[in-house]
1. Being closer than 23 Å to Lys332 by Cα and touching a His at 6+ places or on another chain (Cβ under 6 Å), is that true of even one residue in the range 304-311?
2. If we scan the range 297-309, do we find a residue that is part of a helix (DSSP H, G or I) and more than 19 Å from Lys341 (Cα to Cα)?
3. Just the residues that are over 20 Å from Ala267 (Cα atoms) and part of a helix (DSSP H, G or I), please, taken from the range 234-251.
4. Of Glu134, Glu146, Glu106, which residue is farther than 16 Å from Leu61 by Cβ, under 22 Å from the mean Cα position of the chain (by Cα) and of a type outside the set (A, V, I, L, M, F, W, C)?
5. Looking at the range 233-256, I want the residues that are more than 12 Å from Ile193 (Cα to Cα) and have a partner that is among the aromatic types (Phe, Trp, Tyr) and in a loop (DSSP other than H, G, I, E, B) with Cβ atoms under 7 Å, at least 6 apart or on another chain. Which pairs are those?
6. Residue by residue through the range 151-200, note down the ones that are of a type in the set (Ser, Thr, Tyr) and over 30 Å from Gln126 (Cβ atoms).
7. Is it fair to say Ala321 is part of a helix (DSSP H, G or I), buried (at least 18 other Cβ atoms within 10 Å of the Cβ) and within 21 Å of the chain's Cα centre (by Cα)?
8. Looking at Arg273, Arg327 in this structure, which one is touching a residue at least 60 places away in the same chain (Cβ under 8 Å) and part of a helix (DSSP H, G or I)?
Amino acid sequence: MRSKNLVLITALFLMLTALWSGPALAEIKVIETDSSYLMGDNDSKVIGRRIAVQEAKQKALELAGTYVESLTVVRNYQLTKDDVKAYTAGVLETEVISEQMRGTAERPEMTIKTRCRIDTDVLTAQISRFRENEDLKEQLDATVKENDGLKKERDALVQQLATGKSTTQADETRKKLDAVLAKEESNDETTRIWAAFAPSLAEGEDNGPNLKRADLEKAAARLEQTVKVHPQNLRAYCLLAMIYQKMGNDAAAEKQMRTAIEHLPSAPAPHLRLGILLRARGKHLEAMKEFHFVERMRPRNLPVVFYSGMTFKDMGKCGKAVQYLNRFLKAKQADLHPKLKELAFAAIEQCGGNRPGRQRKVRQS
């Protein structure tokens, strides 16, 4: 009897330990900041507010980046400052929590306060997802680079607006400033949708029940508007394709990737995703054309090596398939793609090929 009680007490202790240790590993960090914009003679309240919002969000992301850089998981991953900046800007949504008009009637000042909330568990999962997917990481890097350029352009236009003398010149500057702000806001909108939907859109995971079709349709409509405003928003196109694919509309997903390629012909990411879509639709030769394009530009891109090998297998070319899949498996970075590794091993076995460390005759076809 004492033995049974001891077992029960031990089991209870382990359960409580697990419950207590779980939440302790997670942390919620809330960062708030504000920014003010003093409007000049050529400014409008609408533009002043939009500029103040962008400045406040930028401050919040910079503070968030400093915090994220201090996290143990980030140090363990040995991420660079540029990586931290990209991940922070790419996965954290910053919201406006208050706005106030101050100053005088002659010189009004718009003040905006923003907040971003960091859940370390969610952040870690998102960072892991980006590290496993070079396609997504490339989209992040492109967005960060563009946002940096847009901020410089916005600052120059604000200065130009403040010193402009003629009404015609001021009108022209405001139009340019409006276009720059619209692009910044479209990138913000894409990040908001990514934060809400990406975990359930992860490739290879069956999270359909967690997503309502009405929510997907609403997100798709918002992204469609986003790419109209900003036709070079690569991340929006890729997210649109993921949403359409989750809705079972592969034709619409393919259309988005082809549109992205029209606007960004040299970007590898849409070519890779288009190739994956074409392979899923049984268009193997067209898929290989896209994969070859990516491989020429990024010969060390592991996903394209993997999907090329899998497509060769689909086409019955086992010799080529095993060659590509073994090349994928031998790469050190393959450990970042556990699901793809599992599929690669299975495909090599089906082809009768040699897994790394084994000797077996490969079926030629």
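1. The answer is yes; a qualifying residue exists.
2. Just the residues of the range 297-309 that are part of a helix (DSSP H, G or I), to begin with: 297, 302-309.
Next cut, more than 19 Å from Lys341 (Cα to Cα) only: 297.
The answer is yes; a qualifying residue exists.
3. Ile243, Tyr244, Gln245, Lys246, Asp250, Ala251
4. Among Glu134, Glu146, Glu106, only Glu134 is farther than 16 Å from Leu61 by Cβ, under 22 Å from the mean Cα position of the chain (by Cα) and of a type outside the set (A, V, I, L, M, F, W, C).
5. none
6. Across the range 151-200, the qualifying residues are Thr163, Ser166, Thr167, Thr168, Thr173.
7. When the stated conditions are applied, Ala321 does not pass them.
8. Step by step, each of Arg273, Arg327 is checked, and only Arg273 is touching a residue at least 60 places away in the same chain (Cβ under 8 Å) and part of a helix (DSSP H, G or I).
The values are calculated or read from the model by the stated rules, or taken from the named source; none is laboratory data. Quick caveat: nothing in here was measured; it's all calculated off a predicted structure. When we count neighbours, we look across all protein chains shown, and the Cβ atoms used for this are built from the backbone with ideal geometry, even at glycine.
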